[in-house]
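**Q** Questions regarding the structure given below will be posed in turn.
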Amino acid sequence: MATTAGGLGAIPRVAVVVFIAKGKTILLGRRRSSSGGCSAFALPGVTSSSVRPDRESFEECAVREVKEETGLDIEKTEYITVTNNLFLQKPKPSHYVTICVRAVLADEQQEPQNIEPA
């Protein structure tokens, strides 16, 4: 039987996020709130519905998702760390195991596009 976060029904999900450095900056995207609240800035990445560990590595997932979200080609992807994130606030507690990857732009002249505005 799966253990939930704090017994609140938050089943762990996997996420992959990508740190893309260009000089002294890190790429962040503005994500709209699904609940109509404030938007937030976040690293490019994906949650469990698009993570396919049976068909691709986390690094391959990072390359695919960055291309889908921003149109950018990245290379030299490298695993950094994993974090265990519990958000226990009701009514919608959540639990993410987040794989953090870093990468560099394949071409420094590329500019990100807002392809997935979600």
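**Q** Identify all residues within the stretch 72-118 that are over 20 Å from Ser50 (Cα atoms), in a loop (DSSP other than H, G, I, E, B) and without any contact (Cβ under 8 Å) to a residue 40 or more places away in the chain; write none if there are none.
**A** Gln89, Pro91, Lys92, Ala106, Asp107, Gln109, Gln110, Glu111
**Q** Which of the residues that make up the stretch 70-95 are surrounded by 17 or more Cβ atoms within 10 Å (Cβ to Cβ), closer than 21 Å to Arg30 by Cβ and at pLDDT below 90? First the steps, then the outcome.
**A** Our first condition is that a residue be surrounded by 17 or more Cβ atoms within 10 Å (Cβ to Cβ); within the stretch 70-95, this holds for 70, 72, 74, 77, 93-95.
Next, only the ones that are closer than 21 Å to Arg30 by Cβ stay: 70, 72, 74, 94.
Answer for the stretch 70-95, where residues must be surrounded by 17 or more Cβ atoms within 10 Å (Cβ to Cβ), closer than 21 Å to Arg30 by Cβ and at pLDDT below 90: just Ser94.
**Q** Right, another one. Can you tell which of Ser48, Ser39 is polar (S, T, N, Q) and loosely packed, with under 12 Cβ neighbours inside 10 Å? Walk me through it before giving the result.
**A** Details: Ser48 fails: loosely packed, with under 12 Cβ neighbours inside 10 Å.
Matching residue, one of Ser48, Ser39: Ser39.
The values are calculated or read from the model by the stated rules, or taken from the named source; none is laboratory data. What you see is a predicted model, and the numbers here were worked out from it, not measured in a lab. Virtual Cβ from ideal backbone geometry, glycine too; neighbours counted across all protein chains shown.
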